[in-house]
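Notes to accompany the following structure.
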Amino acid sequence: MAKITAIYPGSFDPVTNGHLDLIERASRLFDRLVVAVLVNPEKDPLFRLSERVQMLKEVVGHLPNVEVDTFEGLLVDYARRKQARVLLRGIRAVSDYEYELQMALMNRQLEPELETVFMLPAEAYSYLSSRLVREVARLGGSVKNLVPPAVEERIRAKVG
Ligand code: PNS
C-alpha cells in the first residue's frame, strides 16, 4: 500500500505540549508527518517564523518520520506539492468543532482527494492553546508544564 503523508498545519506560536502530544500520536499512525507552519503570522506574534520552526525542530527531533516546514498560500496547494493525502487537525473541545468543520469542508471543496483527520490531544491539554500561553507569558505567569522545556526557556528569554 502507498505510504501516507499527513500535514499538520498551524501557526505554532509557540508549539505547546498539546501540539506535541498530537504530533507524537500522529507519528505512530502515518508514514510521514509534515508539521507545516503558516508563514503569514498574526498581527502580533510572540515568535518570528524562524523561531517557531526552530523550536518545533527541537521538540520533534526524537521522531524520525516527522518533518518541519513552512507554507504560504492555500493549504490544499501546499498539500498537493507534498503529495499528502491527509490534513491533520486537533480538536480539544466542542467549541473547536465549528471552525474546524468549516475549514475541513472548505478544504474538501477545494481538493476532494484530501481527507481531514481530527485527533484528540490528551485530556490534560484540552484547555491549552498557544493564544493563552502567549497571554500568560506576556503577563509574567509561568508556562511550565504547558510547553516543552526548550520553549519555556525561549519564552523566559523573550519576556524576561
Ligand atoms: O493554528 P491555526 O492558526 O488554527 O491554523 C490555521 C491554519 C494555518 C490551518 C489555516 O489558517 C490555514 O490553513 N491557512 C492557510 C490558508 C488557507 O488554505 N485557507 C483556507 C482554509 S479553509
All positions within the stretch 8-45 that are more than 13 Å from the ligand (Cβ to nearest atom), open to solvent by 10 Å² or more (accessible area, probe 1.4 Å) and assigned to a strand (DSSP E or B)
ARG32
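Within the stretch 68-88, count every residue that is of a type in the set (Ser, Thr, Tyr) and open to solvent by less than 30 Å² (accessible area, probe 1.4 Å). Even if it seems obvious, please write down each step before you answer.
Of the stretch 68-88, the ones of a type in the set (Ser, Thr, Tyr) are 70, 78.
Within this subset, residues satisfying the condition of being open to solvent by less than 30 Å² (accessible area, probe 1.4 Å) are 78.
Residues flagged as of a type in the set (Ser, Thr, Tyr) and open to solvent by less than 30 Å² (accessible area, probe 1.4 Å) within the stretch 68-88 amount to 1.
Across the stretch 111-120, what is the number of residues that are under 19 Å from MET1 (Cβ atoms) and either hydrophobic (A, V, I, L, M, F, W, C) or crowded, with 16+ Cβ neighbours inside 10 Å (or both)? Spell out the reasoning first.
Filtering the stretch 111-120 down to residues under 19 Å from MET1 (Cβ atoms) leaves 113-115, 117.
Adding the requirement that they be either hydrophobic (A, V, I, L, M, F, W, C) or crowded, with 16+ Cβ neighbours inside 10 Å (or both) leaves 114-115, 117.
The total comes to 3.
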Close pairs (7 angstrom Cβ cut-off, 6 or more residues apart or separate chains): closer than 17 Å to ASN40 by Cβ and within 9 Å of the ligand (Cβ to nearest atom) in the stretch 75-87, part of a helix (DSSP H, G or I) and open to solvent by 60 Å² or more (accessible area, probe 1.4 Å) anywhere
VAL76/LEU110
If LEU63 satisfies every condition in (1) surrounded by 20 or more Cβ atoms within 10 Å (Cβ to Cβ); (2) hydrophobic (A, V, I, L, M, F, W, C); (3) in contact with an Asp or Glu (Cβ under 8 Å, 6 or more places away or on another chain) but one, which is the exception?
(1)
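Residues are listed down the side, and each one gets a yes or a no for (1) closer than 21 Å to ALA79 by Cα; (2) without any contact (Cβ under 8 Å) to a residue 40 or more places away in the chain:
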position	(1), (2)
MET1	yes, yes
THR16	no, no
ILE23	yes, no
LEU46	no, no
LYS57	yes, yes
PRO64	yes, yes
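Suppose we keep only residues that are more than 10 Å from the ligand (Cβ to nearest atom) and surrounded by 14 or more Cβ atoms within 10 Å (Cβ to Cβ) within the stretch 89-110. Which one would you say is nearest to ASP31 (Cα to Cα)?
Filtering the stretch 89-110 down to residues more than 10 Å from the ligand (Cβ to nearest atom) leaves 91-95, 97-98, 101.
Still in the list and also surrounded by 14 or more Cβ atoms within 10 Å (Cβ to Cβ): 91-92.
Numbers: ILE91: 21, ARG92: 24 Å.
Of everything passing the filter in the stretch 89-110, ILE91 is nearest to ASP31 (Cα to Cα).
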Scan the stretch 105-127 and tell me whether some residue there is closer than 21 Å to GLU42 by Cα, among the hydrophobic types (A, V, I, L, M, F, W, C) and within 16 Å of the chain's Cα centre (by Cα).
no
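The values are calculated or read from the model by the stated rules, or taken from the named source; none is laboratory data. On a predicted model such as this, the values are computed, not experimentally measured, just so you know. Note that each Cβ is placed from the backbone with ideal geometry, even for glycine, and that neighbours are counted across all protein chains shown. Ligands, DNA and RNA are stripped out before the accessible areas are found, and what is left, the full protein with its side chains, is counted by its heavy atoms. Shrake-Rupley method; radii C 1.70, N 1.55, O 1.52, S 1.80 Å.
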